[in-house]
Amino acid sequence: MGPSYLGLLRASGPRFARDAFGAPVIFYVGWKLHGLVLGVALASTWSLLAFAWERKHGRPGVAPRIGLGIACVQAAVGLLSQSAVGYLAPPIVANFVYGLAFLVSVAIGRPLAAVFAVESYPIPAEVRDGETFRNAFLWISLVWGLYMLARSVVRLVILLNFSVDIYIAMNVITGAPLTVGLIAWSFWYGLGVIRSQTLGGLGGRAGAHPTPDKDSP
């Protein structure tokens with residue numbers, strides 16, 4: 001039986017949310033309670049625990065690994081600058097670079113979104129190697145790359161021109177629905193390709209344009 005759309009959302013959606021919004025919210029709480037040092041300590045611990053959790057459950061943990069690296073840079077910049085803005089800026093820069101990486105992966109024909117798809121579901125090698133699968137995840141990578149670049153610019157403008165309180169609120173209130181919606185679309189679209197190739201619907205024909213499974217919610 002192929003992967004379930006809702007099953008993928010339940011299994012991977014919370015992990016995406018954790019990696020995208022967990023550390024900033026934890027930092028904000030600690031910063032408000034007892035200053036910068038506590039906020040940095042709590043957020044760094046959160047990132048370390050997320051990485052350990054992924055490793056414990058046998059997943060490569062690409063996103064938590066990147067998140068842990070960014071957390072180390074954040075901690076250093078935040079403590080050296082003694083500024084919440086200094087702490088919050090590195091992830092924005094990293095997210096911009098991340099978006100560029102998605103676009104570069106599209107340009108060279110090796111979609112980065114496929115790496116995260118393999119983390120979410122053990123996709124058979126014959127499906128991963130198919131032209132249809134690659135083309136579908138090129139589109140997914142393109143959308144994610146453009147989204148991340150645009151969002152990074154907006155976040156940086158808000159961080160530099162408004163308060164940290166407004167930045168955190170904007171990041172969660174607007175970012176969560178947009179990110180969750182994009183995740184849902186990526187799963188729906190990618191799952192249609194995986195199912196069609198696994199079940200032989202497209203037969204792995206080169207150049208075929210995927211049609212997402214009509215039975216998916």
* Every residue from the stretch 33-73 that is modelled with pLDDT of 90 or more and touching a Pro at 6+ places or on another chain (Cβ under 7 Å) -> VAL73
* Working carefully through the options ALA125, ALA94, ALA101, ALA76, find the one that is in contact (Cβ under 8 Å) with a residue 40 or more places away in the chain and either in contact with a Lys or Arg (Cβ under 7 Å, 6 or more places away or on another chain) or not aromatic (Phe, Trp, Tyr) (or both). => ALA101
* Out of all the residues in the stretch 173-190, is one or more aliphatic (A, V, I, L, M), surrounded by 15 or more Cβ atoms within 10 Å (Cβ to Cβ), at pLDDT below 95 and farther than 27 Å from VAL106 by Cα? -> no
* **Failed item in (1) more than 30 Å from GLN197 (Cα to Cα); (2) hydrophobic (A, V, I, L, M, F, W, C); (3) modelled with pLDDT of 90 or more, with PHE137 passing the rest** => (1)
* So which pairs qualify, if the first residue must be in the stretch 180-202 and of a type in the set (D, E, K, R), the second must be modelled with pLDDT under 80, the Cβ gap must be under 8 Å, and the two must be at least 6 apart or on different chains? -> ARG195/GLY2; ARG195/PRO3; ARG195/GLY201; ARG195/ASP213
* To do: Say whether the condition of being touching a Ser or Thr at 6+ places or on another chain (Cβ under 6 Å) and more than 15 Å from PRO24 (Cβ to Cβ) is met by at least one residue in the stretch 88-100.
  => yes
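The values are calculated or read from the model by the stated rules, or taken from the named source; none is laboratory data. Quick caveat, the model's predicted, so the values are computed rather than measured. Because the Cβ atoms are built from the backbone with ideal geometry, glycine has one as well, and the counts that use them run over all protein chains shown.
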